[in-house]
Amino acid sequence: MHVIFYTKPGCPLCDEAEQMMQLVSEEYPLTWTSVNIEEDDSKHEQYMLMIPVIEQEGRVLCYGNIGYADLVLLFGE
């Protein structure tokens, strides 16, 4: 499954979520494209209080404090 990962530099929650995504991708077919919301005004306005955000086909799958268990529930099946 391929998703969009909205992030921004200097975001500890984003860094942690991406590490969890890397761990999950070792066991499940998960790939992502990272998007820096600071480079897109509309995405910055939309997600500035929510990041990190994982989105697929325009639908937010999860956001905020994203842990390993959250990702396994989303992508493990």
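The values are calculated or read from the model by the stated rules, or taken from the named source; none is laboratory data. All of these numbers come straight from a predicted model, not from anything done at the bench. We place every Cβ from the backbone using ideal geometry, glycine too, and count neighbours over all the protein chains shown. Protein only, heavy atoms only, side chains kept; ligands, DNA and RNA dropped before computing areas. Shrake-Rupley method; radii C 1.70, N 1.55, O 1.52, S 1.80 Å.
Can you pull out the strands (runs of 3 or more DSSP E) entirely within the range 23-77 that have at least 2 residues that are of a type in the set (Val, Ile, Thr) and either touching a residue at least 40 places away in the same chain (Cβ under 8 Å) or more than 21 Å from Pro12 (Cα to Cα) (or both)?
On the way: elements: 31-36, 53-56, 59-63.
In the range 23-77, the matching strands (runs of 3 or more DSSP E) lie at 53-56.
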* To do: Confirm whether Met50 is under 12 Å from the mean Cα position of the chain (by Cα) and either over 18 Å from Leu73 (Cβ atoms) or of a type outside the set (Lys, Arg) (or both).
  => yes
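Answer yes if at least one residue in the range 45-55 is open to solvent by less than 70 Å² (accessible area, probe 1.4 Å) and out of contact with any strand residue (DSSP E or B) (no Cβ under 7 Å at 6 or more places or on another chain), and no otherwise. Give the derivation first.
Start the filter on the range 45-55 by keeping residues that are open to solvent by less than 70 Å² (accessible area, probe 1.4 Å), which leaves 47, 50-55.
Filter once more, so that each one left must be out of contact with any strand residue (DSSP E or B) (no Cβ under 7 Å at 6 or more places or on another chain): none.
Taking every residue of the range 45-55 in turn, none turns out to be open to solvent by less than 70 Å² (accessible area, probe 1.4 Å) and out of contact with any strand residue (DSSP E or B) (no Cβ under 7 Å at 6 or more places or on another chain).
Of all residues in the range 6-22, which are of a type in the set (S, T, N, Q) and assigned to a helix (DSSP H, G or I)? It would help to see each step written out before you state the result.
Looking only at the range 6-22, we keep the residues that are of a type in the set (S, T, N, Q), and these are 7, 19, 22.
Hits for the range 6-22 are Gln19, Gln22.
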* Residues within the range 12-35 that are crowded, with 16+ Cβ neighbours inside 10 Å and either at pLDDT below 95 or out of contact with any His (no Cβ under 9 Å at 6 or more places or on another chain) (or both), tallied -> 8
